[in-house]
1. Phe338: hydrophobic (A, V, I, L, M, F, W, C) and more than 30 Å from Lys197 (Cα to Cα), yes or no?
2. So which residues in the range 322-342 are part of a helix (DSSP H, G or I) and either under 27 Å from Arg50 (Cα atoms) or not assigned by TED's automatic domain parsing to the domain that holds Asp290 (or both)?
3. Select, from Ala585, Ala544, Ala517, Ala580, the only residue that is closer than 30 Å to Ser346 by Cα, without any contact (Cβ under 8 Å) to a residue 40 or more places away in the chain and of a type outside the set (D, E, K, R).
4. Return only the number of the condition from (1) touching a residue at least 60 places away in the same chain (Cβ under 8 Å); (2) surrounded by 22 or more Cβ atoms within 10 Å (Cβ to Cβ); (3) outside any loop (DSSP other than H, G, I, E, B) that Phe280 does not satisfy.
5. I'd like to check something: does the range 103-122 contain any residue that is at pLDDT 95 or above, farther than 25 Å from Glu57 by Cα, within 33 Å of the chain's Cα centre (by Cα) and among the acidic types (Asp, Glu)?
6. Among the residues of the range 69-80, which ones are of a type in the set (Val, Ile, Thr) and modelled with pLDDT of 85 or more?
7. Could you tell me whether the range 606-616 includes any residue that is surrounded by 13 or more Cβ atoms within 10 Å (Cβ to Cβ) and either more than 32 Å from the chain's Cα centre (by Cα) or among the β-branched types (Val, Ile, Thr) (or both)?
8. Filter the range 79-89 down to the residues that are free of Cβ contacts under 8 Å to residues at least 60 places away in the same chain and either hydroxyl-bearing (Ser, Thr, Tyr) or not assigned by TED's automatic domain parsing to the domain that holds Asn420 (or both) and list them by number.
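The values are calculated or read from the model by the stated rules, or taken from the named source; none is laboratory data. Because the structure is a prediction, the values reported are computed rather than measured. No Cβ is skipped: glycine too gets one built from the backbone with ideal geometry, and neighbour counts run over all protein chains shown.
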Amino acid sequence: MKNKSCSRRAQFVAIHFSWILFFSFLLISLPGHSQRAVVKTLPTDESPMRKPAWISEIPLAFIGTWDVKPLFRTRVGGTPVWQAEEYKKTSQEATIKKFKDMGVTMLLIPFYKGFGLQAEKQEMDDSKKVAVLCRKYGIKVGVYIGATMAYESFLLEEPEAKEWIVPNFMGKPVIYGNQSFRKLVYFQHPGYKAYIKRVLRLAVENLKADLIHFDNVSVQAQPPVFYHPLAIENFRTFLRKKYSPDMLMKRFGFRDVKYVEPPLISPLVSVVNDPMFQEFTDFRCQQLADYYGEMEKYIRGLNPQVAVEINPHGLNGVNKAWEEGIDYPRILAHTDFFWIEDQPTSLADGVLTTQIRTFKMAETLNNRVFTYTSDSKVAMAESMAYNRQGMGMVGGREEMEGSRLAHQYELQPGQQDYINFFHKNFNLYSNVHSVADIAILHSYATMAYNSDRPYQSTFLFEQALIQAKIPFDIIFDDQLKNLSKYKVLILADQECLNDDKLDLVKSFVKNGGGLVATEHTSLYTEWHERKRDFGLKDLFNVSAPEWHNRSSPEDILDIPVQRNQYGRGRVCYIPEVRAAKKKPATMPMTGQYWKLPLNWSELVESVKSVSNEKFGVDITEAPLTVTMQLAEKNDHSALVLHLINFAPVSSAIENIKVSLKIPSGKSVKGITLMSPDGVGETRLKYTENATGQVMFSVPQLLTYGVILAELK
């Protein structure tokens with residue numbers, strides 16, 4: 001895994017992304033061209049596979065020891081002379097028993113780092129012994145599989161693997177960070193895939209792994225990788241399969257892609273208009289998703305109960321499609337878990353930075369999240385509340401820090417109480433689903449082709465919902481086909497929507513759904529072609545800003561908020577999400593810019609105004625540093641409300657007023673407040689009204705509290 005301290009921009013420099021400056025040209029809109037002819041992706045042939053049963057049955061709290069491999073540490077350099085001694089301690093039975101006593105249910109151990117099967121044989125044998133001990137103590141085993149090649153030793157074993165290595169890009173080798181001995185390979189090379197399958201077979205059959213952890217996913221599909229000769233041919237094949245000759249003519253102005261090459265594009269751009277780079281981005285996303293689809297199929301074929309996990313990181317404001325070839329709906333269709341290693345939970349300078357977006361995305365895409373929680377109780381609480389039955393990695397570090405290795409599995413004060421609480425009250429976290437009244441869309445074309453205003457507006461609108469304690473889901477293009485569970489749909493500067501998606505939005509509103517849209521929503525096709533007017537003009541009842549040229553940012557309409565009726569639904573058009581801390585053009589929308597927008601209360605009130613019903617929860621008299629997650633038991637026997645205080649705890653927050661909407665046909669049997677913060681369990685008094693609302697007050701909240709509303 002990457003060091004958390006290594007920024008993406010620094011990594012681009014480190015792996016020699018010597019990009020030339022951005023060039024683009026305008027697509028020519030031909031008469032009669034229909035957006036319905038656009039094909040965004042090439043679907044995979046495989047239907048979704050059944051998830052391993054165990055992942056929904058255990059409270060997942062894990063420890064990681066994968067990066068203490070002596071071979072890797074020796075080659076990196078700078079390690080202490082007692083490294084080998086400390087490495088041995090991580091595999092001793094006393095250590096494994098200690099993990100069990102802590103409440104750990106999985107250990108993520110080293111296996112394959114890319115040095116070669118012979119070079120790593122002794123360490124693989126060590127890991128096999130650790131796996132046996134883990135099974136003795138009832139601990140699941142996850143194994144590490146790297147995606148880089150430590151070529152100096154690897155080629156001694158597999159000299160033909162030279163063909164897998166990505167050739168120098170613009171005169172410099174394509175490597176991992178500043179570790180020059182770790183080269184990147186073209187992961188779709190048949191020889192490389194066959195080799196990785198050998199590694200996987202060893203992990204599944206010899207070591208009896210319960211989970212495969214694929215590392216380095218966030219660097220695998222960066223643009224230089226696809227300058228491999230085979231990748232160039234694959235790109236041409238991709239275009240031929242995706243488009244007919246006539247559609248190629250509409251897309252590029254020519255019918256034959258025989259001489260097409262990957263474009264050279266700078267990552268420091270706002271908008272991509274170049275159709276070849278748009279397609280190159282889509283190709284990279286599809287190639288990476290297809291690779292993990294193939295690996296998932298192979299792993300499940302060996303043992304269907306082995307879970308698959310990757311580390312593409314999460315919704316952190318980076319344009320993942322441009323920079324890393326990652327489209328979450330496509331790639332997470334083949335996984336059970338994924339890692340997030342960045343954007344740590346924090347509250348600084350009035351900006352609340354959380355992982356909440358990523359947890360919400362994971363539930364939408366039927367995944368669970370791995371994250372670091374050993375730093376604080378708040379991080380543990382966030383994972384318990386928003387994640388699905390997991391509290392993350394509670395011990396272990398990626399790097400050895402002097403003599404601290406032996407002590408890195410010690411918990412911070414109070415954290416053992418959180419782990420114990422998680423185990424004792426696992427019924428609060430298992431067999432539940434989130435209750436969300438609102439969906440906010442991340443459309444692929446919008447978020448892939450413009451990394452400025454769509455990111456700023458979408459993330460800030462989400463920030464307003466998070467801190468205002470409004471229940472919402474993050475959805476993607478496919479979820480537009482089933483909006484029936486939601487009262488409101490939010491399109492925060494979602495520019496690129498084709499006719500099919502516009503029809504789905506219109507149908508949702510016409511049938512009584514609420515719509516809130518901002519800025520330039522629906523003003524572009526999915527090829528990022530400017531339309532004459534909004535595709536949703538009949539809903540907004542406003543005209544688009546005047547178009548200047550392809551190089552100038554679109555104007556913001558100088559008009560008040562517009563409210564309209566469309567069919568049985570209500571529409572609110574907001575001309576701008578006004579950033580309190582504007583993101584500089586071309587830069588990622590990272591956590592430092594997640595300050596509540598200046599008009600955040602207007603955004604929240606607009607969402608409420610277009611809903612025909614009250615939302616599932618209403619929380620008052622709680623500061624903006626408190627967030628909530630509302631879930632319901634799958635058997636409809638209870639509602640579970642999680643409250644987290646992200647501010648440093650100096651004193652308890654008192655008398656938080658809560659109103660819960662009770663499902664139709666149900667009534668409340670009792671309400672209990674629970675917390676791992678030393679306050680025990682408290683039965684709460686409540687009142688119910690004729691509209692199906694139950695009202696109560698939470699007497700105090702320190703860091704984390706859970707309210708169980710039992711139903712009858």
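1. Judged against the criteria, Phe338 is not a match.
2. Within the range 322-342, Tyr328, Pro329, Arg330, Ile331, Leu332, Ala333, His334 meet the criteria.
3. After applying the criteria, what remains is Ala580.
4. (1)
5. Looking through the range 103-122, at least one residue is at pLDDT 95 or above, farther than 25 Å from Glu57 by Cα, within 33 Å of the chain's Cα centre (by Cα) and among the acidic types (Asp, Glu).
6. Thr74, Val76
7. Yes.
8. Within the range 79-89, just Tyr87 meets the criteria.
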